[in-house]
1. For segment 35-99, what is the convex hull volume of the alpha-carbon atoms per residue, in Å³?
2. Would you mind giving the average projected area, over all directions, of the Cα convex hull of segment 96-194 in nm² with one decimal?
3. Of His342, His86, His239, His310, which has the most accessible area with a 1.4 Å probe, and how do the rest follow in descending order?
4. So with the 1.4 Å probe, I'd like the accessible area per residue for segment 168-272, rounded to whole Å².
5. DSSP H helices in the chain with Cα extent of 20 Å or more along the helix axis and mean Kyte-Doolittle hydropathy at least -1.0?
6. Under 5 Å between amide hydrogens, which residues at least 5 positions from Trp96 or on another chain qualify, with H placed 1.01 Å from N in the peptide plane?
7. Show Met255, Met1 ordered by accessible area, largest first, where the area counts protein heavy atoms only and the probe is 1.4 Å.
8. State the Cα centre-to-centre distance between segment 142-187 and segment 217-236 in whole Å.
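The values are calculated or read from the model by the stated rules, or taken from the named source; none is laboratory data. Because the structure is predicted, anything quoted here is derived from the model rather than measured. Virtual Cβ from ideal backbone geometry, glycine too; neighbours counted across all protein chains shown. Heads up: the accessible areas ignore ligands, DNA and RNA and are worked out on the full protein's heavy atoms, side chains in. Shrake-Rupley method; radii C 1.70, N 1.55, O 1.52, S 1.80 Å.
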Amino acid sequence: MARPQLPTAQALAPYLRRIDEARWYSNFGPLLTAFEARLAARFAPGTEIVTCANATQGLALCLQALSLPPGSLCAIPAYTFVATAHAVAAAGLTPWLLDVDPQNWTLQPHAVRAALAGAPGPVSAVIVVAPFGLMPDLAPWLALRAETGIAVVVDAAAAFDALNAAPLPAVVSLHATKALGIGEGGFLATEDADLARRVRELTSFGFRGARESQMPATNAKLSEYAAAVGLAALDAWPHDRLRWLRAARGLRAAMTHLPQVVFQEGWGLSWATSVCCVRLPDGAADAVARDLAAAGVETRAWWGRGCHTHPAFAGCPRGDLTQTDRLGSAVLGLPFRVDLDHAQTGRIAAALAQSVG
Ligand SMILES: *Cc1c(COP(=O)(O)O)cnc(C)c1O
């Protein structure tokens, strides 16, 4: 399905030697500081980066730092990875599952606005998801925040490549299966320096400069070893990004004769990501998955059929989820990897043509 490729031992060696020399292993050492500075350089000046143990923690701590009323509703798209809902619950809020747009597979600001009137309780936040790395336009979300006072946080876990501005706080995952992988890790990007400081404190026992804990917090820091992998991964990124795009273009080209197989807008053209999810005709995903399995091609329904179908979140308040149910029955993850070759691409396309052609 996926075959992640993180920096090799050879690429890591110079960074590991720096750790040996400094004998500084965690707690905001020189490598972590350098890694965060290089991440910040991908954004507008003034953007703050706070690294953390993973994106799930990053989202939860960002919500926690916003000091929202306990138990209040946080709207999320029902069609997302369960991590989004787990982060909401971990922050002491209630996930409110809303329907997604059939075009971009995520929440639309006008849909949230329309749902607000009938909300089953006070709404304090929204998490906007960049599905599989496709960044939505943030301007209407900024407007919604300004008009309603509702906090908006972006789950940009898979959007390392597409996220290059953080007018709203956005959290990226650095998990091994994402485009820029370091094993486990994540970061918050935000133009709000005060929010960045509070999230930083939450990742480090609530310490503010001194060893006096200011509030209930946790430990979600990244070690110098994780930062070493991050620095080496950033060294390789310009080249790796082109490899992701090349692999994607190969798959797209192999399926031009299959109009029933629809890629996300701009997938592999204007943005790079590590997964290939296609939309098939409504209701077709299961049957196609079985056909492909019979042809020796593995597939994955990465997000299943939506958060409401997972026992953990089946009891959450929700809106009408017609589009989510349709999408869940139509989206399938195809095998994808940075070094997907011609032969593999051909096998995937042939099996799909056999099934839907
Ligand atoms: C991968 C992913 C996460 C979780 O990221 P971790 O770093 O593994 O915690 C959250 N949300 C979405 C949309 C994801 O794709």
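1. Details: hull volume 6.8 nm³, N = 65.
Taking only Cα atoms, segment 35-99 has a hull volume of 105 Å³ per residue.
2. Numbers: hull surface 28.0 nm².
Over all viewing directions, segment 96-194 projects a mean Cα-hull area of 7.0 nm².
3. Values: His342 175, His86 85, His239 120, His310 65 Å².
Largest accessible area first, the list is His342, His239, His86, His310.
4. On the way: 4450 Å² over 105 residues.
Here the per-residue accessible area is 42 Å².
5. Working: long enough: 224-254 (42 Å, -0.02); 342-356 (21 Å, 0.33).
Helices passing the filter in the chain: 224-254, 342-356.
6. Counting only residues 5 or more places away or on other chains, the set is Cys74, Ala75, Ile76.
7. On the way: Met255 5, Met1 40 Å².
Ranked from most to least accessible, the order is Met1, Met255.
8. Rounded to whole Å, the Cα centres lie 17 Å apart.
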